[in-house]
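Reading through the structure tokens given below for one structure.
The values are calculated or read from the model by the stated rules, or taken from the named source; none is laboratory data. Because the structure is a prediction, the values reported are computed rather than measured. Glycine also receives a Cβ, built like all others from the backbone with ideal geometry; neighbour counts cover every protein chain displayed.
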């Protein structure tokens, strides 16, 4: 069974009240560029592996892989977000977070009109957001109450590979130990740098 849109649930509040994110129109332009620097002591994952985008296409899915995070984020976001060609996954995530908050505050013009795709989650095969990554992309978000299911990760060569994850556009990623959303579940909202005893055990994911 291919991944598809599962259904709807009560709407989740957009992150418009994030105190640390004071965005202006000028800030939205910064989404197009990678982060210039990082605070002392901040972990910055090393970019070493292939980046693949799993996108929902009608009732099925398609997977396309890229050599760089810049290509993956541009494709997965339907061209909404672009970063420098040498940007790392960390830089891409900074841009994704900024775009998410800017959209919630109405600073992205005609968002619904231009919305082609959104990256709802990034799943890494290494702890602390390292190694190869899969970007999960859909035409929509989780704020509206929609849910998206990927019942068999082996379809994408990603069974029992996930060790850390990040979610976006209001989504909670439910990571299940078995296919079809069964057995032990690890929930991720925002960032989870290590799955502990559930490392390398995820076989299906539902984003709600």
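Below are the figures for this structure:
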item: Residue under evaluation residue 49, criteria (1) at pLDDT 95 or above; (2) over 16 Å from the mean Cα position of the chain (by Cα), criterion not met; result: (1)
item: Candidates 73, 120, 54 - the one that is within 26 Å of residue 208 (Cβ to Cβ), at pLDDT 60 or above, surrounded by 19 or more Cβ atoms within 10 Å (Cβ to Cβ) and out of contact with any helix residue (DSSP H, G or I) (no Cβ under 6 Å at 6 or more places or on another chain); result: 120
item: Selection status of residue 68, over 15 Å from the mean Cα position of the chain (by Cα), within 16 Å of residue 134 (Cβ to Cβ) and at pLDDT below 55; result: no
item: Selection from the stretch 190-208 of residues that are outside any loop (DSSP other than H, G, I, E, B) and surrounded by fewer than 18 Cβ atoms within 10 Å (Cβ to Cβ); result: 191, 196, 197, 198
item: Selection within the stretch 124-136 - closer than 18 Å to residue 94 by Cβ and in a strand (DSSP E or B); result: 124, 130, 133, 135
item: Any chance residue 88 is in contact with a strand residue (DSSP E or B) (Cβ under 9 Å, 6 or more places away or on another chain) and over 14 Å from residue 118 (Cβ atoms); result: no
